[in-house]
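Report on the following structure.
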Amino acid sequence: MSFRYGLLALLAEEERHGYELKTAFERRTGGQWAINIGQVYTTLQRLERDGLVEPAGADGERNDYRITAAGRGQLDEWYATPVVAEGPPRDELMIKVLLAVAAADVDVTDLLQRQRRASIEQLQAYTRRKARAHPADDLAFLMMLDALIYRTEGEIRWLDAAEARIRQSPNTNGGDR
Amino acid sequence: MTVAVELQDASRAFGEGHTRVVALHPTNLSVNGGEFVAIMGPSGSGKTTLLSLIGGLDRPTSGRITVDGQDLAKLNGSGLAVLRRRVVGYVFQDLNLLAGLTARENVSLPMELDGRPAKETRAAADATLEVLGVRGLAHRFPNDLSGGEQQRVAIGRALAGGRKILLADEPTGALDSITGESVMRLLRSHCKDGGTVILVTHDAAHAAWADRVVFLRDGRIVDETRAEARESVGAGVA
């Protein structure tokens, strides 16, 4: 995702300067994506070049920016467009398992179980953070954790399904265990 | 640290000769008081058999099972019934709340069966419903409650009267994610208060609320999560 939409979304609320944009973006998205201030200014310059934001007038040392009508148009379009992945992602786990199934000397069942355990341990770590969060104060953080948890859960479901398929298949090296 | 539940080479087989099916091979498992353990595994891996043995709903073919310091083999049917009324509570996916009884009556029923006076069981039921956040629903019948509310009442029934060990078999099956999470928070807090939970589930996101996840396959414990991973895994989320 381009960070430019993040800046447009924040500037659509109110005029802000670079450092405010950095801290607001980090807070709003659950505090997990640290943004370098240089990246904020480079992106602002590009947005200004493209006519999507403009300086709101000097305020001492600060340079506030505001969104333009064209910027709002692009932001609205972004919100209105569903996010659809193009083609399967190059997922290391998926590729590793697919290669292991065909390899004669890899115990796929063990590989799947080691991965399952590691993924559940990862889920436990996310869940402990969730248990400590305050539902009223940490909405963005909780939603971010939900996303990570359900993604990892999906990975585990895939491991379970892979194991069941391998057990049903007569032609794989993990099928006789 | 006290041991709440212990299996020593406990197994369960059905049938004889060539029709013999081993649901659980000789298994060792020790669960401490205050611990929350989840048991995961595919269908037919022996999860429910394991839970039934711990709850005294079924007897092992071999081996020994100790619950709250009592050897289950030494308890007869009524001894097991007393254990289930005073020490071990069950929550199933199918809630089995009695439709003709209010939430409060459902929760107090096991205590009444245990011969405790009505005034005492009523107060204990209300106290439990209060902890579970459904005290205001005490007079309602199960059909007037949402799925999440019914599950809270069912947990209340399993815990009321001070039962310490909760056995839960897919207790969140019919609930949406956020309601299911609130049930997991309840189980978690039961352990924080010194109780013990053994949860059987397919759902990894729910199993992750446990201190330890045990993996069953083909009637054997094949793996479990590592305690040391608790501190080291998950870096990258502040």
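So for region A:92-168, considering every pair of alpha-carbon atoms, how many percent are separated by more than 22 Å? In whole percent, the long-distance tail amounts to 36. How much of the DSSP bridge set in the protein assembly as shown is antiparallel, in percent, rounded to the nearest 5? Around 60 percent antiparallel, to the nearest 5. Summarising the overall dimensions of chain A from its C-alpha atoms, the Rg and Dmax are 22.8, 74 angstrom. Counting Cβ atoms of other protein chains within 10 Å of each Cβ in B:207-215 and taking the mean gives 5.
Ranking B:A118, B:Q151, B:A38 by how far each Cα lies toward the positive end of the dipole of the protein assembly as shown (charges on Cβ) leaves B:A118 at the top. For the listed peptides A:137-149, A:97-109, B:78-90, B:48-60, a ranking on the average number of other beta carbons within 10 Å per residue, highest first, reads B:48-60, B:78-90, A:137-149, A:97-109.
Expressed as a fraction of 2.2 N^0.38 Å, the C-alpha radius of gyration for the protein assembly as shown is 1.23.
Distance from the C-alpha centroid of region B:1-50 to that of region A:14-81: 58 Å, rounded to the whole angstrom. What is the mean number of Cβ atoms from other protein chains located within 10 Å of the Cβ atom of each residue in peptide A:108-121, rounded to a whole number? For this peptide, the per-residue mean of nearby foreign Cβ atoms is 4. Considering only beta bridges that DSSP places wholly inside chain B, some 55 percent are antiparallel. Report the FRET efficiency, 1/(1 + (r/R0)^6), for B:F141 and B:S78, where r is their Cβ-Cβ distance and R0 is 35 Å, rounded to 0.05. It comes out at approximately 0.70.
Just so you know, all these numbers are worked out from the coordinates, no wet-lab data involved. Computed from a prediction, not measured in an experiment: that's the story for all the values here. A quick note on method: Cβ atoms are made from the backbone with ideal geometry, for glycine too, and the neighbour counts reach across all protein chains shown.
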